[in-house]
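Written out below as structure tokens is the structure these notes cover.
The values are calculated or read from the model by the stated rules, or taken from the named source; none is laboratory data. Since this is a predicted model, take the numbers as computed values, not measurements. When we count neighbours, we look across all protein chains shown, and the Cβ atoms used for this are built from the backbone with ideal geometry, even at glycine.
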């Protein structure tokens, strides 16, 4: 009963860099570094951080679109880190992904009906074409589109409608866990609200579990039960959403929170401006990765790499001084 739906232990993902006449590996991009967390069935884990911090790479590792360098991924207690073939195909019915760009992720040469039918054919769902069409009509209704849309092509839709198609495609195989990889960042603000509300309604109706990757901290606060903050491939803080937004501990989290726009900025605390550039993931800093930009850094931060430690119930921070 207490087994988490998804458990990640010490996940590492490096991308090799090859150069020279012999195409040897000369370095590697350390995209995800020693990440661990758990997700319970029915909850939403928000994942935030700057561009290039490893959020999307982590999401693709969870769906096995990327193979991991090291570490383990458990789904319902089963190690799925290295499974292949039919086993992997079965797991992919349970773990789906919604991509950031709803236009690039849809085949422009296929109608919406064909796009939604494709996962049903691949996973052998529906004994006859009529069964598949019935399922497609059900999916279209779920995401708020009309049956006449099935004969149209992706370029004939708005960005919000295309993302609804992406959501319907992810739902086609009855998944339990959906990785939402910045699903609203390419949409207008008014359309963002519609898509977010749709995702939350579907979660309640179908009992879905989400990993919600986003830049917009207010969106993440609205949809998430827990939030994890990533910096340069590592999770630096994780807590219940309400606790994290009211009482951020890590200096990087505090800087992110101070950048959230508010209607009346006068009573807001002074904004924290981070100095310097984001370090390269090819050659990350020694010790705490954040120390070159941290106003609280001390000499120990340059040599000691902090691990996630509990500061209170279900609130972990990776900082020597927090």
What tally of residues in the stretch 1-13 results from selecting those that are crowded, with 16+ Cβ neighbours inside 10 Å and either without any contact (Cβ under 8 Å) to a residue 24 or more places away in the chain or over 18 Å from residue 72 (Cβ atoms) (or both)?
0
Can you find a residue in the stretch 292-304 that is surrounded by 18 or more Cβ atoms within 10 Å (Cβ to Cβ), within 23 Å of residue 57 (Cα to Cα) and either at pLDDT below 95 or in contact with a strand residue (DSSP E or B) (Cβ under 9 Å, 6 or more places away or on another chain) (or both)?
no
Residue among 106, 120 that is surrounded by 19 or more Cβ atoms within 10 Å (Cβ to Cβ) and assigned to a loop (DSSP other than H, G, I, E, B):
106
Among the numbered criteria (1) within 21 Å of residue 60 (Cα to Cα); (2) surrounded by 14 or more Cβ atoms within 10 Å (Cβ to Cβ), which one does residue 174 miss?
(2)
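Hey, among the residues in the stretch 149-180 that are outside any helix (DSSP H, G or I) and closer than 18 Å to residue 107 by Cα, which one's farthest from the chain's Cα centre (by Cα)?
Filtering the stretch 149-180 down to residues outside any helix (DSSP H, G or I) leaves 152-153, 157-158, 172-180.
Next, only the ones that are closer than 18 Å to residue 107 by Cα stay: 152-153, 157-158, 172.
Working: 152: 29, 153: 27, 157: 25, 158: 23, 172: 20 Å.
Top of the filtered list is 152.
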Mind listing whichever residues of the stretch 123-141 are within 14 Å of residue 170 (Cα to Cα) and part of a helix (DSSP H, G or I)?
135, 136, 138, 139, 140
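Within the stretch 14-40, how many residues are in contact (Cβ under 8 Å) with a residue 60 or more places away in the chain and under 16 Å from the mean Cα position of the chain (by Cα)?
Restricting attention to the stretch 14-40, the residues satisfying the condition of being in contact (Cβ under 8 Å) with a residue 60 or more places away in the chain are 17, 27-37, 39-40.
With under 16 Å from the mean Cα position of the chain (by Cα) added as a condition, the list becomes 31-33, 35-37, 39-40.
Selection size over the stretch 14-40: 8.
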Can you say whether residue 183 is more than 23 Å from residue 289 (Cβ to Cβ), at pLDDT 95 or above and part of a loop (DSSP other than H, G, I, E, B), as far as the supplied structure shows?
no
So for the stretch 240-248 (the condition being crowded, with 18+ Cβ neighbours inside 10 Å and closer than 19 Å to residue 32 by Cβ), does at least one residue qualify?
no
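Only one of 274, 256 is in contact with a helix residue (DSSP H, G or I) (Cβ under 9 Å, 6 or more places away or on another chain), surrounded by fewer than 19 Cβ atoms within 10 Å (Cβ to Cβ) and more than 30 Å from residue 161 (Cα to Cα). Can you tell me which?
Values: 256 fails: surrounded by fewer than 19 Cβ atoms within 10 Å (Cβ to Cβ).
Criteria check complete, one pass: 274.
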Residue 73 fails exactly one of the following numbered conditions: (1) part of a loop (DSSP other than H, G, I, E, B); (2) more than 14 Å from the chain's Cα centre (by Cα); (3) crowded, with 19+ Cβ neighbours inside 10 Å. What is the number of that condition?
(1)
Can you tell me which residues in the stretch 181-216 are touching a strand residue (DSSP E or B) at 6+ places or on another chain (Cβ under 6 Å) and farther than 14 Å from residue 143 by Cβ?
181, 182, 209, 210, 211, 212, 213
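What number of residues in the stretch 14-33 are over 23 Å from residue 220 (Cα atoms) and surrounded by 14 or more Cβ atoms within 10 Å (Cβ to Cβ)? Full working, then the answer.
Filtering the stretch 14-33 for residues over 23 Å from residue 220 (Cα atoms) gives 14-30.
Those still in the list that are surrounded by 14 or more Cβ atoms within 10 Å (Cβ to Cβ) too: 14-15, 27-30.
Qualifying residue count for the region: 6.
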Of everything in the stretch 172-192, what is more than 25 Å from residue 52 (Cα to Cα) and out of contact with any helix residue (DSSP H, G or I) (no Cβ under 6 Å at 6 or more places or on another chain)? Give them in sequence order.
174, 190
